[in-house]
1. Looking at the stretch 7-19, can you tell me whether even one residue there is in a helix (DSSP H, G or I) and either over 30 Å from residue 116 (Cβ atoms) or assigned by TED's automatic domain parsing to the domain that holds residue 115 (or both)?
2. Within the stretch 80-100, identify whether any single residue is outside the structural domain of residue 53 (by TED's automatic domain parsing), farther than 27 Å from residue 24 by Cβ and touching a helix residue (DSSP H, G or I) at 6+ places or on another chain (Cβ under 7 Å), and answer yes or no.
3. Being surrounded by fewer than 10 Cβ atoms within 10 Å (Cβ to Cβ) and outside any loop (DSSP other than H, G, I, E, B) is the filter here; which residues of the stretch 103-122 pass it?
4. Could you give every pair whose Cβ atoms fall below 7 Å, whose first residue belongs to the stretch 57-81 and is free of Cβ contacts under 8 Å to residues at least 24 places away in the same chain, and whose second residue is in a loop (DSSP other than H, G, I, E, B), counting only separations of at least 6 or pairs across chains?
5. I'd like to verify a number: residues in the stretch 36-48 that are surrounded by 14 or more Cβ atoms within 10 Å (Cβ to Cβ) and not in a loop (DSSP other than H, G, I, E, B), how many?
6. Residue 52: more than 28 Å from residue 102 (Cα to Cα), over 12 Å from the mean Cα position of the chain (by Cα) and not in a loop (DSSP other than H, G, I, E, B), yes or no?
7. May I ask you to say which residue of 25, 51, 4 is touching a strand residue (DSSP E or B) at 6+ places or on another chain (Cβ under 9 Å) and either more than 23 Å from residue 86 (Cα to Cα) or surrounded by 12 or more Cβ atoms within 10 Å (Cβ to Cβ) (or both)?
8. Checking residue 34 against (1) out of contact with any helix residue (DSSP H, G or I) (no Cβ under 8 Å at 6 or more places or on another chain); (2) without any contact (Cβ under 8 Å) to a residue 40 or more places away in the chain; (3) at negative phi, only one condition comes out false. Which one?
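The values are calculated or read from the model by the stated rules, or taken from the named source; none is laboratory data. Worth saying up front: this structure is predicted, and the values here are computed from it rather than measured. Note that each Cβ is placed from the backbone with ideal geometry, even for glycine, and that neighbours are counted across all protein chains shown.
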């Protein structure tokens, strides 16, 4: 598990943690049934509060990326490739909807946004 925290990002730290771990699970970098570090261990390693990591873990569990075994810890859920593709699509759509609202507030057209995406992609 590799997590990079940006203190200059507009995103809350728990969201950064959630997004990076969920992406690593979807992409197969973190395998099914792999144990996540304890909340305290992760907080210490990332140099963030326990509450921040707890919130990230709760989000991961709420969206079925992980499950908890009482007294044992948190583990990566057994997701089929179809589940992963569906989750990837859902996460991308959620982010895109937020981004589109911002672009609309800026007064950009669909064509301008499309061109911007193409330019940034390269």
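1. no
2. No, the stretch 80-100 contains no residue that is outside the structural domain of residue 53 (by TED's automatic domain parsing), farther than 27 Å from residue 24 by Cβ and touching a helix residue (DSSP H, G or I) at 6+ places or on another chain (Cβ under 7 Å).
3. Selection gives 105, 106, 111, 118, 119, 120, 121.
4. What qualifies is 64/77; 67/77.
5. The total comes to 4.
6. For residue 52, the condition - more than 28 Å from residue 102 (Cα to Cα), over 12 Å from the mean Cα position of the chain (by Cα) and not in a loop (DSSP other than H, G, I, E, B) - is not met.
7. 25
8. The one condition residue 34 does not meet is (2).
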